[in-house]
Amino acid sequence: MGFGVGLALIGVGAVLAFAVKWDVPGIDLQMIGWIFMAIGAASLTLTAVFTRRREPEEVETVEPEQLYTREEHRAAEHEPPPSGYREEEPRTPPRAYYDNG
């Protein structure tokens, strides 16, 4: 739950506890209002505790002994293929592909 839910529960609870004067047999609306307000207050407290800003932990930085850079390799337009590479001839579909009948 968040701050909005906690405030909504407190608001609904206050309306039920203080403003509603209905008599529902077997249900005490004023008590339900107080319960809603208590749950809303607990929600606000828990949200504030668990979402508070924490101080950043101390982090030790280590400087590298040597900086490494990555070189990009760009192939020349007419560079020969690597060894072990052979060009395949284009494949043609089976003869049945061309037959219509």
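Just so you know, all these numbers are worked out from the coordinates, no wet-lab data involved. Nothing here was measured: the structure is a model prediction, and the numbers come from that model. In this analysis, Cβ positions are derived from the backbone assuming ideal geometry, glycine residues included, and neighbour counts consider all displayed protein chains.
The table below gives the values:
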item	result
Neighbour-count ranking [beta-carbon atoms within 10 angstrom, fewest first] of TRP22, TRP34	TRP22, TRP34
Spin-label pair LYS21/PHE50, simplified geometry with 7 Å Cα→Cβ offset, distance in nm	4.1
Residue order, fewest to most beta carbons within 10 Å, for PHE18, PHE36, PHE50	PHE50, PHE18, PHE36
Distant alpha-carbon pairs in the range 3-50 (separation over 14 angstrom), percent	48
